[in-house]
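Below you'll find the structure, written out as structure tokens, and then a few comments.
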Amino acid sequence: MPVLTEENRYQLLKLLEQTPSLNQRELAKAMGISLGKTNYCLNALIEKGLIKVANFKRSKTKMNYAYYLTPKGLDEKARVTMQFLKRKQQEYEALVKELEELQKEAALIECSPKGEIP
């Protein structure tokens with residue numbers, strides 16, 4: 001299973017677009033993944049040219065960074081957002097169908113005499 005999944009890519013790009021100043025620890029916590037995996041994913045996005053990193057100029061330690069989406073990153077975010085939406089919509093429709101079938105099955109069980117399975 002790849003480390004940088006479509007879902008991880010979507011989440012990272014979304015979080016960084018909203019709050020570029022999030023540090024890796026905050027990103028890891030928001031995404032529910034390890035700090036090491038977060039670092040790996042960020043480096044992969046940097047290598048692909050989807051995000052760029054900048055130091056905060058006023059930082060005393062020079063260890064604070066901001067992650068900005070590049071134009072290519074914005075395009076990629078739009079693409080993965082549409083894919084994510086399509087997949088979630090398909091999952092939703094499958095779940096609705098399954099719930100309808102379970103409701104029919106439950107209704108049959110409720111209507112049958114006790115102890116008998118239709």
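What residue, among those in the range 90-114 that are of a type in the set (A, V, I, L, M, F, W, C) and more than 28 Å from the chain's Cα centre (by Cα), is surrounded by the fewest Cβ atoms within 10 Å (Cβ to Cβ)? The qualifying residue surrounded by the fewest Cβ atoms within 10 Å (Cβ to Cβ) is C111.
Per this entry, L27 is not counted among residues that are surrounded by fewer than 15 Cβ atoms within 10 Å (Cβ to Cβ) and either among the hydrophobic types (A, V, I, L, M, F, W, C) or touching a helix residue (DSSP H, G or I) at 6+ places or on another chain (Cβ under 8 Å) (or both). When residues in the range 64-118 are screened for being assigned to a helix (DSSP H, G or I), polar (S, T, N, Q) and either touching a Ser or Thr at 6+ places or on another chain (Cβ under 8 Å) or at pLDDT below 95 (or both), 3 of them pass. Taking residues in the range 69-83 that are more than 12 Å from L16 (Cβ to Cβ) and in contact (Cβ under 8 Å) with a residue 12 or more places away in the chain, and partners anywhere that are surrounded by 15 or more Cβ atoms within 10 Å (Cβ to Cβ) and basic (K, R), the pairs with Cβ atoms closer than 7 Å and at least 6 places apart or on different chains are V80/R9. From the list L22, L13, exactly one residue is assigned to a helix (DSSP H, G or I) and at pLDDT 90 or above. Which is it? After ruling out the rest, the residue left standing is L13. The lone criterion from (1) modelled with pLDDT under 95; (2) more than 22 Å from L4 (Cα to Cα) left unmet by I33 is number (2).
Do you know which of the residues in the range 46-55 that are of a type in the set (A, V, I, L, M) and either in contact with a Phe, Trp or Tyr (Cβ under 8 Å, 6 or more places away or on another chain) or loosely packed, with under 13 Cβ neighbours inside 10 Å (or both) is nearest to G73 (Cα to Cα)? Give the derivation first.
Here is the first cut: in the range 46-55, the ones of a type in the set (A, V, I, L, M) are 46, 50-51, 53-54.
Then keep just the ones that are either in contact with a Phe, Trp or Tyr (Cβ under 8 Å, 6 or more places away or on another chain) or loosely packed, with under 13 Cβ neighbours inside 10 Å (or both); that gives 51, 53-54.
On the way: I51: 6, V53: 13, A54: 15 Å.
The residue in question is I51.
What number of residues in the range 3-42 are free of Cβ contacts under 8 Å to residues at least 12 places away in the same chain and under 21 Å from L85 (Cβ atoms)? So the count comes out to 3.
The values are calculated or read from the model by the stated rules, or taken from the named source; none is laboratory data. In this text, all values refer to a predicted model and were calculated from it rather than measured experimentally. Using ideal geometry, Cβ is built from the backbone for each residue, glycine included, and neighbour counts are taken over all protein chains shown.
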